[in-house]
Amino acid sequence: FPVTICTCFPVTIAEVTELQAALDAKAPVANPSLTGSATINGQEIGFRKIPRRSTTTTAVVADNGGCVALSAGITIPSGVFEEGHAVSFYNNSASSVVLTQGSGLTLRLAATSTTGNRTLAPRGMATIWFNSPTEAICSGPGVT
């Protein structure tokens, strides 16, 4: 059988149909001019406003990364949020509200050994960060 050996030869960009036009249409690496909002899994990335939610009675995974405006207490469930998730809560009322430690969850008051339900003062702000699905740390002005 005869064997054919392919010899490579130099080709310029101009010789490849429409290649230069396609390259010119790409954004430059240095200082690209981009429009629209970048997303990952449907969520905008980059600096954006913090989503305001008004979940009632029980926090849900959709609250992750947002701030829940409350006028009554809320339960923080066990096994719903993942390691690294964080939810902020704003008491949008003139009375204290309770952030209830759900069954199976250890809710710690930051910088203490205290666990259990947390009270959020009127107009107070709390952030709960999840160390694991069953352990969370609560901190912020107005949290006791």
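Put simply, of Ala22, Ala14, Ala30 the only residue that is outside any loop (DSSP other than H, G, I, E, B), of a type in the set (Gly, Ala, Ser) and at pLDDT 75 or above is Ala22. Within segment 117-142, residues that are at positive phi and assigned to a strand (DSSP E or B) have Cβ atoms under 9 Å from residues that are modelled with pLDDT of 95 or more and among the aromatic types (Phe, Trp, Tyr) in no pair, counting only partners at least 6 apart in sequence or on another chain. For segment 69-107, the set of residues classified as in contact with an Asp or Glu (Cβ under 7 Å, 6 or more places away or on another chain) and either open to solvent by 20 Å² or more (accessible area, probe 1.4 Å) or in contact (Cβ under 8 Å) with a residue 60 or more places away in the chain (or both) consists of Thr106 only.
Residues in segment 28-45 that are surrounded by 10 or more Cβ atoms within 10 Å (Cβ to Cβ) and not polar (S, T, N, Q): Glu44, Ile45. Of the residues making up segment 46-61, those that are assigned to a loop (DSSP other than H, G, I, E, B), open to solvent by 70 Å² or more (accessible area, probe 1.4 Å) and at pLDDT 75 or above are Lys49, Ile50, Ser54, Thr56.
The values are calculated or read from the model by the stated rules, or taken from the named source; none is laboratory data. Everything numeric in this text was worked out from a predicted model, so none of it was measured. Using ideal geometry, Cβ is built from the backbone for each residue, glycine included, and neighbour counts are taken over all protein chains shown. The protein model used for the area step is the full one, side chains on, heavy atoms only, and it has no ligands, DNA or RNA in it. Shrake-Rupley method; radii C 1.70, N 1.55, O 1.52, S 1.80 Å.
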